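The values are calculated or read from the model by the stated rules, or taken from the named source; none is laboratory data. Remember, it's a predicted structure, so these values are computed and weren't measured experimentally. Positions of Cβ are generated from backbone atoms using ideal geometry, with glycine treated the same way; all protein chains shown enter the neighbour counts. What goes into the accessible areas is simple: the full protein's heavy atoms, side chains included, and nothing from ligands, DNA or RNA. Shrake-Rupley method; radii C 1.70, N 1.55, O 1.52, S 1.80 Å.
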Amino acid sequence: MIQAPKGTYDVLPQDMERRRALANHAERILGAAGYRRIETPVFESTELFARGVGEATDIVQKEMYSFDDGGGRSLTLRPEGTAPVCRAYIEHGMHKLPPPVKLWYLSSFFRAENPQKGRYRQFWQVGAEAIGSDSPETDAEVIVLLAELLEAMGVKGTRLRLASLGQPETRGAYREELTAYLRAHEDQLSAEVRARIDLNPMRAFDASDPGTQAVMAEAPRLLDRLDPDDAVHFAEVRELLDVAGIPYELDSTLVRGLDYYTRTLFEFTSDALGAQSGVGGGGRYDRLIQQLGGQPTAGIGWAAGLERILLAAPEQPVATDVVDLLVTVADRESRPAHLAAFEIAREARRAGLAAQLELTGRSLKSALKHADRIEARYVAIVNDGEQASLKDMSSGEQHELATGAVIAAILRGSRM
Ligand code: AMP
């Protein structure tokens, strides 16, 4: 048996209802705030992600599905949505539109990660990007929109972690300061942290051993090293979130696996999830558009994982699809009956009814059983080209009528 590749899964018809609910909530919540939907190609030039996401990131180093297109060009299945949206923004001259340009997407993405619950190799993200505004209101608004979407989906136990990364230069200087601090306290650190001081000094904040934790309690924090402009911007974002009544935890150690962030950075987690607790997050990327060849343009956005949202939200009772009418024939040998049945089903759909034709050659008895199973409201049993019986499945009543009168009778019935 050939199976779906590791880390991928089939979206079956019964799974569609909740995904549709997410799309509808996103359309409503983001649409009302002026966001318009965009869909970019499934694959892009590898260079877009190398430049846009960052050469040194795990995504670019280890997780991309890249391939040669046969003509010597390297293409990559999109691992994230921000770089492609910014590419499209530049390519289509969207800087000429009144700013900010607000876009949202619901698309599939690909990362060669180790699959586990909530982590897949093909997964879906709903995302939003606001390009062309550096006001703190934009930061607070995108966070509020994600909070509203998670609430509308019924995601349980959410927490918001918030930080500001300042500028890359600030980060560079801070990293040196932190590295020097760790070196000065090396004898109190765990061997693991010690070994990674130069590689990733920030990891020391996550260490669980008491020695390292004691050192880190006194360690310099990036939030205390922000430039005055960045500090004011961040204070204003927080003030707006306070006014909106959105609780958050300041987290100076928040890191996300993409290089392009500046200033505001945020992540929603859910206690309802296991190890992969991140539901969605994002941040400001004021240098990304320029890095991709556009004019210097501020931007901010987020992405949330569809699978994680569904895992952290309660199952809702799914409405079964309505079937107004099942059309079958009384005599399987009668060609005129088949032709009339085919026409009734087709015209019923044109009249707005959900109508199915019996397609398997079942006996009348098992067609009626099937109608019960799919909860059809009516069954039309066509006797010949002229006559049919219409059975109301809820009352069991049945009456004879001309084939041409079946649809009108159902429409009359449904109005009662
Ligand atoms: P990121 O683009 O890495 O910031 O991820 C944003 C969100 O997408 C995360 O919070 C997750 O909800 C979701 N996500 C990221 N990677 C995966 C994956 N491999 N499988 C499922 N969801 C993912």
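The helices (runs of 4 or more DSSP H) located wholly in segment 121-199 that include 3 or more residues which are more than 26 Å from Asp242 (Cβ to Cβ) and not charged (D, E, K, R) occupy 168-184, 191-195. If I ask for residues that are open to solvent by 20 Å² or more (accessible area, probe 1.4 Å) and away from the ligand (no atom under 12 Å from the Cβ), which ones from segment 51-61 would you list? Arg51, Glu55, Ala56, Val60, Gln61, listed by residue number.
Residues that are under 19 Å from Ala405 (Cβ atoms) and open to solvent by 90 Å² or more (accessible area, probe 1.4 Å) within segment 309-345 comprise Leu339, Phe342, listed in sequence order. When you look at Phe67, is it in a strand (DSSP E or B) and exposed (fewer than 15 other Cβ atoms within 10 Å of the Cβ), yes or no? So Phe67 fits the description; yes.
Taking segment 296-315 as the range and being within 9 Å of the ligand (Cβ to nearest atom), hydrophobic (A, V, I, L, M, F, W, C) and not in a strand (DSSP E or B) as the test, the residues that pass are Leu306, Ile309. When only residues in segment 278-295 that are surrounded by fewer than 24 Cβ atoms within 10 Å (Cβ to Cβ) and within 20 Å of the chain's Cα centre (by Cα) count, which is nearest to the ligand (Cβ to nearest atom)? Checking each candidate, the answer is Gly278.
Restricting attention to segment 28-43, the residues being in a helix (DSSP H, G or I) and open to solvent by 100 Å² or more (accessible area, probe 1.4 Å) number 1. Residues in segment 106-129 that are more than 6 Å from the ligand (Cβ to nearest atom), surrounded by 15 or more Cβ atoms within 10 Å (Cβ to Cβ) and of a type in the set (Lys, Arg): Arg121 alone. Among residues of segment 50-65 that are closer than 13 Å to Val255 by Cβ, those with a Cβ under 7 angstrom from a residue that is open to solvent by less than 30 Å² (accessible area, probe 1.4 Å) and part of a helix (DSSP H, G or I), sequence gap 6+ or separate chain, pair up as Gly54/Val60. In segment 1-30, the residues that are over 15 Å from Tyr105 (Cα atoms) form Cβ pairs under 6 Å with partners that are assigned to a helix (DSSP H, G or I) and within 16 Å of the ligand (Cβ to nearest atom), at six or more places apart or across chains, as follows: Arg18/Leu310. Listed by first and then second residue, the pairs with beta-carbon distance under 9 Å, at least 6 apart or on different chains, first residue in segment 250-263 and open to solvent by 30 Å² or more (accessible area, probe 1.4 Å), second at pLDDT below 85 and within 11 Å of the ligand (Cβ to nearest atom), are Gly257/Thr57; Asp259/Thr57. Would you check which residues across segment 8-19 are modelled with pLDDT under 95, charged (D, E, K, R) and open to solvent by 50 Å² or more (accessible area, probe 1.4 Å) and list them? Asp15, Glu17 - these are the residues of segment 8-19 that are modelled with pLDDT under 95, charged (D, E, K, R) and open to solvent by 50 Å² or more (accessible area, probe 1.4 Å). Taken together, the residues in segment 70-105 that are open to solvent by 40 Å² or more (accessible area, probe 1.4 Å) and either touching a His at 6+ places or on another chain (Cβ under 8 Å) or not hydrophobic (A, V, I, L, M, F, W, C) (or both) amount to 14.
Does Glu63 satisfy being at pLDDT 95 or above, among the acidic types (Asp, Glu), out of contact with any Asp or Glu (no Cβ under 9 Å at 6 or more places or on another chain) and farther than 21 Å from Ala130 by Cβ? No, not satisfied.
Only one entry in Leu189, Leu182, Leu178, Leu160 is in contact (Cβ under 8 Å) with a residue 60 or more places away in the chain, of a type in the set (A, V, I, L, M, F, W, C) and either open to solvent by less than 20 Å² (accessible area, probe 1.4 Å) or in the same structural domain as Gly282 (by TED's automatic domain parsing) (or both), namely Leu160.
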